[in-house]
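The values are calculated or read from the model by the stated rules, or taken from the named source; none is laboratory data. Just so it is clear, the structure is predicted and the values come from calculations on it, not from any experiment. Every residue, glycine as well, gets a Cβ built from its backbone with ideal geometry; the counts of neighbours run over all protein chains shown. Calculation scope for accessible area: heavy atoms of the full protein, side chains included, ligands and nucleic acids excluded. Shrake-Rupley method; radii C 1.70, N 1.55, O 1.52, S 1.80 Å.
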Amino acid sequence: MNHHFTLPNSGHNYDAKASKMGMWLFLYTELILFGGLFLVYMVYRSLNQDAFLLASFNLNVWMGTANTIVLLTSSMTVAMAISALQKGDSKKSIFLLWMTILAALFFLVVKYFEWSAKFEHGLFPGMDHFNQLPNGEKLYFNLYFFMTGLHGLHVIVGGIFIVIVVFKIKSGKVNKDRYQLLENSGLYWHLVDLIWIYLFPLFYLIH
Amino acid sequence: MKNQHSIEESHAEHITSYREHFGTWVGLILLTLMTVFISVFGADLRTITVATALLIASVKALVVAYYFMHLKYDPRIYRVLITIVMSLFTVFLIMVILDYLTR
């Protein structure tokens with residue numbers, strides 16, 4: 001008598017559907033997290049309209065536009081990477097993921113230059129120039145650094161996840177039949193893009 | 001065998017074509033250029049530009065969620081859940097607006 005014992009998860013320890021639902025549940029909390037910050041922004045902007053307008057002139061619209069286009073493009077490459085792996089073309093998938101990582105780095109480099117310029121002008125909360133600003137402009141820069149900073153943190157985390165996925169595809173742990181980790185990382189990356197879609201007009205395009 | 005079959009079945013999912021992803025990207029870029037153009041050159045229409053910018057951003061967000069995030073082809077439950085979450089956020093939004101309007 002050789003009884004075959006089957007685990008509820010059929011012994012594979014892999015449940016793509018549950019994994020995906022878990023990722024989406026996490027993304028909902030992310031939406032509410034940034035949603036709360038957007039509410040704070042909305043209230044303070046409505047109370048300090050002219051100050052927000054003045055402060056926004058310190059940002060470079062073209063750098064923001066370039067970063068928007070870069071993020072949208074990286075969203076496309078990561079979505080294509082999923083299609084490629086589903087079709088079994090892991091080489092193309094890896095190439096597209098490296099393109100995504102390149103875009104993430106480009107985004108961060110642009111952000112670095114933007115933030116450096118603000119530091120030089122003493123606009124970071126607590127610096128000399130910042131301390132002399134009227135309250136409305138202080139609020140704008142507090143929100144600017146907090147929200148783009150939190151978003152930048154998400155870019156870094158998303159990029160790290162995609163690097164991990166690249167190595168897992170190389171080692172065969174993520175493959176044509178088992179690509180949920182790639183899909184989840186892609187979902188996270190799209191969320192990063194989604195949030196930037198709102199940050200861009202709210203901070204750069206006040207005119 | 002049965003288990004293997006069910007694994008294959010769960011992955012017999014819709015594969016979005018490269019062409020569709022590219023088309024989505026073109027649409028998103030056009031919307032981005034439009035919103036920048038309106039903001040930079042339509043400076044006189046201040047309140048209208050804010051509303052337009054947010055409207056365009058929301059269209060872009062929907063396109064990203066629907067196509068790139070695959071909601072269009074996912075089971076209905078994902079669209080239902082995101083609708084609930086966005087409704088919840090709308091409730092927060094309305095409560096905050098009412099609070100500040102009645103002070």
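Shielding of peptide B:84-91 by partners, expressed as the average count of other chain Cβ atoms within 10 Å per residue Cβ, is 3.
Taking all Cα pairs closer than 8 Å and separated by 6 or more residues, the relative contact order of region A:18-204 comes to 33 percent. Distance from the Cα centroid of region A:87-155 to that of region A:19-77 is 11 Å (rounded to whole angstrom). Averaged over residues, the count of other Cβ atoms within 10 Å places the peptides A:59-71, B:71-83 in the sequence A:59-71, B:71-83, highest first.
Computed packing ranks the peptides A:41-47, A:134-140 as A:134-140, A:41-47, most packed first, by mean other Cβ atoms within 10 Å. Adding -39500 (n - 2.57) for every DSSP H run of four residues or longer, then dividing by how many residues the protein assembly as shown holds, sets the calculated 222 nm ellipticity at -27000 deg cm²/dmol. With the simple model of a label 7 Å out from the Cα in the direction of the Cβ, A:M21 to B:S58 spans 3.0 nm.
Summing charges over neighbours of A:I164, with a neighbour being any other residue whose Cβ is under 13 Å away from its Cβ, gives +3 when K and R count +1 and D and E count -1. Residues in the protein assembly as shown average 52 Å² of solvent-accessible surface per residue, probe 1.4 Å, ligands and nucleic acids excluded. For region B:14-103, the convex hull drawn through the C-alpha positions has a volume of 84 cubic angstrom per residue.
Taken along the Cα-to-beta-carbon direction at a fixed 7 Å, the label points for A:N131 and A:V43 span 2.8 nm. With respect to the cross-link table entries A:K170/B:K72; A:K17/A:K170; A:K87/A:K173; A:K92/A:K168; A:K17/A:K173, which display a Cα-Cα separation exceeding 20 Å? Those over the limit are A:K170/B:K72; A:K17/A:K170. Estimated from the Cβ-Cβ distance and a Förster radius of 51 angstrom, the FRET efficiency linking A:F106 and B:D99 is about 0.80. Split the accessible area of the protein assembly as shown by element, probe 1.4 Å, and carbon with sulfur accounts for 69%. Please work out the FRET efficiency for the pair A:K176 and B:H14, using the Cβ-Cβ distance as r and a Förster radius of 22 Å; give the result to the nearest 0.05. Approximately 0.90, to the nearest 0.05. Computed on the Cα atoms alone, the convex hull of region A:18-204 gives a volume of 103 cubic angstrom per residue. Remark: chain A carries a charge dipole of roughly 820 debye about the Cα centre, counting +1 on each Lys and Arg Cβ and -1 on each Asp and Glu Cβ.
Chain A and chain B together bury an accessible surface of about 4600 square angstrom, both sides counted, with a 1.4 Å probe and no ligands or nucleic acids included.
Counting, for every residue in A:199-206, the Cβ atoms of other protein chains within 10 Å of its Cβ and taking the mean gives 6.
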